[in-house]
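Worksheet for the structure shown next.
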Amino acid sequence: MAAGVACDLCRRDQLGMECCRGGLLPGSAAAGLLILPDGEEDRISALPDDMLLQILARLGCARAAAHTGLLARRWRGLWARLPEFTFHHIVPTHLDATLAMVARPAPSLLDIQFNHHSLEPARVSSLLRAAAALAPAEFVLCVAGATQSDPVELPCFDRTASIKLDLYHVSLTLTPAGGFPALESLHLENCHIDVADMLPLCPRLRELWTLDWSSDSVMIHSEALEDLAVYATWQIRHINIVAPAVKTLYLVAHYGISKEFILSFSAPAVEDLTWKCESQAISYRFGVIWRMWSLTFSFSTCLQPFGNTELASNSNSVSLQSQHRRIGVLSLNLETNVHVGDAAMAFEQVIYRFQVIEFSILELDLTQRGHVYGAIVLYLLGLCTSIQRLKVTLDAYEMGDACYADCRCDQPNNWRSQSISLINLKEIEIRRCRGQDHEVDLLKILLRCATGLERVTLRFSRKYPPSDRGLTEIDGILKAYPYVKCNIYH
């Protein structure tokens, strides 16, 4: 391997990393072999190859391992027999020749990262072919970017189980001869490929992460996939997922969903699921404009004990019956005084179009800017009457304790006389509240409507603690519900 091949930026990064810094030798040491003091014996070089390879492997850097050959002839060429090869902060000039020196059998890891160098598509394709020829068990390639928009060929990796590619908006095309028979994990970041064409070539693929999905349709059909993550950078028109073995699914529609959105989803074995969708919906019905920025729906399946314990015969051991419980969480992010959005899209349309119906926790992140927020909270609760836990987090508004006197945020104010059936609601938590009159009124309604309520937690703002009158009024309200456990934090 050629020594000292690095640009100024690469060398600066090398000096900042312990493993790479170990391979940067001063000129005097690189000029010749290591000279030992008189009578000193080089006992390390006398060790067997296996032990020397273990020493080189602990360096964690192929460059540093190669540079040990400048210290003693005994070490020359040993680096090429390492089980793992990591090339970080390098220039691509001599990499092809370096990879040609790697000895067989196939390495367990080939990790190449160009942090400051862009490559032409043909050069990236050549690098992928060289890596495929080595057939590493795990392959990682990170390139700062391609200099042109031509597609890059992804060759057959017939013995590679894991591939991670970060190629900065590169389009990949397949050379399907042989396919990817051993591939179990594929991570694509800042690059994209036609997954519909890819999946039939990967019969053992268990994990697929694609973090730059540049299409308005998410079409994934796979019998083997167990872990799926899709980050879509286009507005989504159609989702069609059929994955009977998937246990973990994460999907982000970063630019939201179109008005013609269609969802077709079949994953009966899923245990952890997250849908996250950006939203354009705005509403004028609460006095001031409210904008819904995003919706996130997630659920996870956990094992919880239930029923009575049963003592085993003739022993003191205890066995617990258990059941799997699915916990669903709907999180909404909303903000006032945002005038850009789609007034034709109602909040309930955003919620229901993702088929979000089974959840027990509602989390509201409200940037209310000092405005009254009781009406919008009750409206969203009316859409989600089956929830068991409500958590409201308010912003750290600093321009005063309330909005200006003539603000319409409390018009119409008939929300104070509302009644909603919240028989399943067990717990309420409000963060950064201030004990203002409209907050006290909201608490009254929640206590009245949630007949099965068990716990109320109020976490007051640190910068704006509640007034003595507000605390006294809250204390009096809570005393009227002695069966509700109350936690108040200043």
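Things to note:
- Spin-label zone in the stretch 170-213 - amide nitrogen under 14 Å from a point set 7 Å from the Cα of residue 159 along the C-beta vector: 181-183
- With the convex hull drawn around the C-alpha atoms of the stretch 190-291, the volume per residue stands at 107 Å³.
- Local electrostatic count, residue 252, Cβ distance below 13 Å [Lys/Arg +1, Asp/Glu -1]: -1
- Net dipole in debye of the stretch 392-490 [+1 Lys, Arg Cβ; -1 Asp, Glu Cβ; about Cα centre; nearest 20]: 320 debye
- When +1 charges are put on Lys and Arg Cβ atoms and -1 charges on Asp and Glu Cβ atoms, the dipole computed for the stretch 163-250 relative to its Cα centre reaches about 100 debye.
- Residues residue 47 and residue 431, FRET efficiency given R0 of 41 Å [Cβ-Cβ distance, rounded to 0.05]: 0.10
- The 3J(HN,Hα) values that the Karplus relation (6.51, -1.76, 1.60; θ = phi - 60°) gives for the stretch 47-53 are, in residue order, 5, x, 4, 4, 6, 5, 5 Hz. Gly and Pro appear as x.
- Protein heavy-atom accessible surface, 1.4 Å probe, per residue over the stretch 60-167: 39 Å².
- Portion, in percent, of the accessible area of the stretch 372-490 that falls on carbon or sulfur, probe 1.4 Å: 48 percent
- Percent of beta bridges antiparallel (DSSP, the stretch 165-293, rounded to nearest 5): 10 percent
- Residue-level accessible surface for residue 226, protein heavy atoms, 1.4 Å, Å²: 80 Å²
- Around residue 422: net Lys/Arg minus Asp/Glu count, Cβ-Cβ under 13 Å: +1
- With every protein chain in place, the stretch 40-171: carbon and sulfur % of accessible area (1.4 Å): 51 percent
- Per-residue SASA entry for residue 227, accessible area with 1.4 Å probe, Å² rounded to 10: 40 Å²
- Of all lysines in the structure, the ones whose alpha carbon falls short of 17 Å from that of residue 259, not counting any fewer than 8 places away in one chain, are 276.
- Solvent-accessible area of residue 129 with every protein chain in place, 1.4 Å probe, in Å² to the nearest 10: 120 Å²
- The gain in end-to-end length when the residue 344 to residue 240 segment is fully stretched comes to 34.9 nm, 0.36 nm per residue minus the alpha carbon separation.
- Table column - 3J(HN,Hα) (Hz), the stretch 182-193, Karplus curve with 6.51, -1.76, 1.60, x for Gly and Pro: 9, 5, 10, 9, 9, 10, 10, 10, 6, 8, 9, 8
- A Förster distance of 56 Å, applied to the separation of the beta-carbon atoms of residue 260 and residue 57, puts the FRET efficiency at 0.55.
- Accessible surface area normalised per residue over the stretch 326-420 is 46 Å², counting heavy atoms of protein chains with a 1.4 Å rolling probe.
- Intensity falloff of the stretch 99-197 expressed as log10 I(q)/I(0), Debye formula with alpha-carbon point scatterers, at q = 0.11, 0.18 Å⁻¹: -0.29, -0.80
- Its Cα gyration tensor gives the stretch 354-434 an equivalent ellipsoid, and the semi-axes of that ellipsoid, as √(5λ) in whole Å with the largest first, are 25, 15, 11.
- Of the solvent-accessible surface of the stretch 208-260, computed with a 1.4 Å probe and all protein chains present, 56% belongs to carbon and sulfur.
- Calculated log₁₀ intensity ratio I(q)/I(0) where the Debye formula runs over C-alpha points of the stretch 371-490, q = 0.12, 0.18 Å⁻¹: -0.42, -0.98
- Stokes-Einstein D for the stretch 183-230, Kirkwood Rh over Cα pairs, 37 °C, 0.692 mPa s (µm²/s): 303 µm²/s
The values are calculated or read from the model by the stated rules, or taken from the named source; none is laboratory data. Just so it is clear, the structure is predicted and the values come from calculations on it, not from any experiment. Backbone-built Cβ (ideal geometry, glycine too); neighbour counts: all protein chains shown. These area figures cover heavy atoms from the full protein model, side chains too; ligands, DNA and RNA do not enter into them. Shrake-Rupley method; radii C 1.70, N 1.55, O 1.52, S 1.80 Å.
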